[in-house]
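Notes follow the structure.
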Amino acid sequence: MTTTQIEEYLIQEKKDKELKKQIGYKVFEEMKKSNAKTIEEYEKYKQEQKEIKRQEKSYKQIQKHEKAKVRFRTIRYIERNCNIERKCQICEEKAEVHHPNYKEYLKINLLCKKHHVALHNFELIPPPIIDLEKICRKRKEEN
């Protein structure tokens, strides 16, 4: 290292030490991690991160709402059109509706609470998918 580089390093160390006193060690370390050179840049970075988290949370809430609408629509479809008994495909207990794919809401599995949880924990091989549209079409043709 040259003498000018050493001098620059010492000056930077002094500035960093003063900044640590001013803003605190924890905030200073976070500022370094964010590659911000000034407090203003760090504040801007924090605001951007806060906005990203808010958008992610909003997206998750929308997704949760959409899934709830699909579940409701599926149950109404079963009650109005299919009139099938909602019994577990494995043990014949009272069943919940499981959607392997929410975009195809009429393709479902009927599973009791125990088997539904096991499926989500990858402890159960998924049973064959029930296509409600085909079942309803067959029943209408029979009548």
Exercise. For Ser34, Ser58, write out the residues from largest to smallest accessible area, computed with a 1.4 angstrom probe and no ligands counted.
Key: Ser58, Ser34
Quiz item: Tell me, what % of the accessible area of the chain is carbon and sulfur with a 1.4 angstrom probe?
Solution: 51 percent
Practice problem: May I ask you to list the lysines whose Cα is less than 30 Å away from that of Lys15, ignoring any residue fewer than eight positions away on the same chain? | Solution: Lys26, Lys32, Lys33, Lys37, Lys44, Lys46, Lys50
Quiz item: Over the Cα atoms of segment 104-143, Rg to Rh with Kirkwood Rh, two decimal places?
Solution: 1.14
Quiz prompt | Heavy atoms of Glu85: accessible area, 1.4 Å probe, square angstrom to 10 | solution = 130 Å²
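Can you give the accessible area per residue of the chain, in Å², using a 1.4 Å probe?
Computed with neighbouring chains in place, this is 83 Å² per residue.
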Quiz item: Where the centroid of each part is defined by its Cα atoms, how far is segment 95-116 from segment 61-82 in Å?
Solution: 11 Å
Self-check item: Surface accessible to a 1.4 Å probe, Tyr102 within the full protein complex, Å²
Solution: 70 Å²
Quiz prompt | Contact order relative to length of the chain, as percent, for alpha carbon pairs under 8 angstrom and 6 or more apart | solution = 13 percent
Quiz item: If ligands, DNA and RNA are left out, what is the accessible area of Phe72 with a 1.4 Å probe, given in Å² to the nearest 10?
Solution: 120 Å²
Exercise. For the chain, just the Cα set please: Rg and Dmax, both in angstrom.
Key: 29.1, 96
Quiz item: Hey, which lysines would be in cross-link range of Lys94, C-alpha to C-alpha under 18 Å, not counting anything within fewer than 8 residues on its own chain?
Solution: Lys113, Lys114
Quiz item: Which trypsin sites (Lys or Arg not before Pro) in segment 37-132 pass both tests, a DSSP loop state and at most 10 other beta-carbon atoms within 10 Å?
Solution: Lys37, Lys103
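The values are calculated or read from the model by the stated rules, or taken from the named source; none is laboratory data. Quick caveat, the model's predicted, so the values are computed rather than measured. Backbone-built Cβ (ideal geometry, glycine too); neighbour counts: all protein chains shown. Keep in mind that these areas ignore ligands, DNA and RNA; they rest on the heavy atoms of the full protein, side chains included. Shrake-Rupley method; radii C 1.70, N 1.55, O 1.52, S 1.80 Å.
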